[in-house]
Amino acid sequence: MQTLLALVDCNNFYVSCERVFRPDLIGKPVAVLSNNDGCVVARSKEVKDLGIKMGVPLFQIQQLVNQHQIKLFSSNYTLYADMSSRVMSTLEAFAPTMEVYSIDEAFLDLTGVCYQDSLAYGDLIKKTVVRATGIPVCVGMGPTKTLAKLANFAAKKWCKTGGVLDLSDPVRREKLMRIVPVGEVWGIGTRTTLKLKQLGIHSVWDLATQSSQHIQSQFNIVVARTVMELNGTPCFQLEEISANKQQIVCSRSFSRRLTEYKELFEALAEFCSRAAEKLRRQHSVTSCMSIFIRTSPFNSQEPQYQRSATIKLVAATQDTRTLISAANRLLKEIFKTGYGYQKCGVQLSQIRSEAMSGQFELFDFSDNELPTENRPLMATVDQINRRFPKAISIAATGFEQSWKPKSERKSPRYTTDWRELVTIK
């Protein structure tokens, strides 16, 4: 029995989440902005048709926004995460195995599930998701993950597919590959695309007809496996359990320039808290921590300064207090007065499982085997914050936090806050 995988991808996900609760915006230009309302991170089809690119700064398109009355929203990650969970829960009913690939994408193993009419089954998935969640999706199918991705690209680009396409048939597969640029292949980045074009490989078909051994000698094993996947040989398996992150980064731009050490430390302390929560969520500890601070690189009229610093922790930790203390020591080393700082961030690396043994301090360790570490306390804080979001904050002194990113256009958290539920009149 031939393997059949499907990629279900939400259409313009952030925009679609906003439209679920604002149906009056369906068919109208809508865009979602990044943190601090700085850049466009999601666009409706109507906005794309105006030529507005992903990531463009808002101030550069303000005239188009006014001219076409584009509705703008600040990023509402609480809403998007909950809507994503609803979509994924709906998809679980259609396949015995599923890999959640991103917030708006999931791979399904449909082998033996819909061998009679795959397109009808894909259409059923599409209609069920939109009926259950209000989020429109497209479904791409194929014998490999790379072909499923390619099918999904085509299902979104060409309306004649009806949002569902199966590339199991070699004839249909070749026809599509001949007209799709090689840069649209999953895992083929900008640099690889440029190098492929230098070798005369411009379309997906050009790449698929190459020898995998030749491609590996020119690039690497990953690109060689991509060639095999394009020819229907599975090389990338579904991952039902997501791998733990090997690096955790938390950073933000500020709503105004920060000049005081205290404010900058408060921001870093909050980022340490978020990073530590992510660390504990995957049951890991970190042995290395870095911070960075920088002014705005886009304003040549201001004095420019950027620095980073790294510390190797004496013992691996997941304790928020330990990370904040380390961030304070690092900031003292690199902070300079006389500058208006626009962004800072925290990076945790050398991450491993909390169950793995490591080297500890000789004279200072607690019963839970990690020095200056209180796992029960951190677990209690996380439990309280899950039940009552942001009820407890372990951060630097001061709670004004006027430096936090602007979100003046944020929609209500319709699905997660009793006070912001939709009211029907």
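What percent of all Cα-Cα pairs in the range 177-309 falls in each 5 Å bin, counting up from 0? Reading the bins upward from 0: 2, 8, 13, 13, 8, 8, 11, 12, 13, 8, 3, 1. With unit charges on the beta carbons (Lys and Arg positive, Asp and Glu negative) and the dipole taken about the Cα centre of the chain, which residue among 88, 284, 14 sits farthest to the positive side? Result: 14, furthest along the dipole toward the positive end. This model, with +1 at the C-beta of Lys and Arg and -1 at the C-beta of Asp and Glu, gives the chain a dipole about its Cα centre of some 1300 debye. Look at the dipole of the chain built from charges on Cβ: of 344, 5, 217, the Cα furthest out on the positive end belongs to 344.
Tell me, what is the Rg over Rh of the range 248-387, with Rh the Kirkwood radius over Cα pairs? Can you show the working numbers first?
On the way: Rg = 16.3 Å, Rh = 15.9 Å.
Rg divided by Rh gives 1.02.
Counting every C-alpha pair in the chain, the share spaced more than 33 angstrom apart comes to 48%. Averaging 1/r across all pairs of distinct Cα atoms in the range 96-179 and inverting the result yields a Kirkwood radius of 13.1 Å.
Rounded to 0.05, the FRET efficiency of the residue 416 and residue 194 pair, given R0 = 56 Å and the Cβ-Cβ distance, is 0.80.
In the elastic network of the chain, a GNM with C-alpha springs shorter than 10 Å, the most mobile of 192, 226, 146 is 192.
About the Cα centre of the range 258-333, what is the dipole size in debye to 20, counting +1 per Lys and Arg Cβ and -1 per Asp and Glu Cβ, all else neutral?
Numbers: 11 positive and 8 negative charges, 68 e Å.
Approximately 320 debye in magnitude.
Residues in the range 137-146 carry Karplus couplings, in order, of 9, 10, 10, x, 10, x, x, 9, 5, 5 Hz; the curve used is 6.51 cos²θ - 1.76 cosθ + 1.60 with θ = phi - 60°, and Gly or Pro positions show x.
Here, each number is a calculation from the coordinates, and none is a lab measurement. Computed from a predicted model, the values in this text were never measured in an experiment. For neighbour counting, all protein chains shown are included, and Cβ atoms are generated from backbone atoms with ideal geometry for every residue, glycine included.
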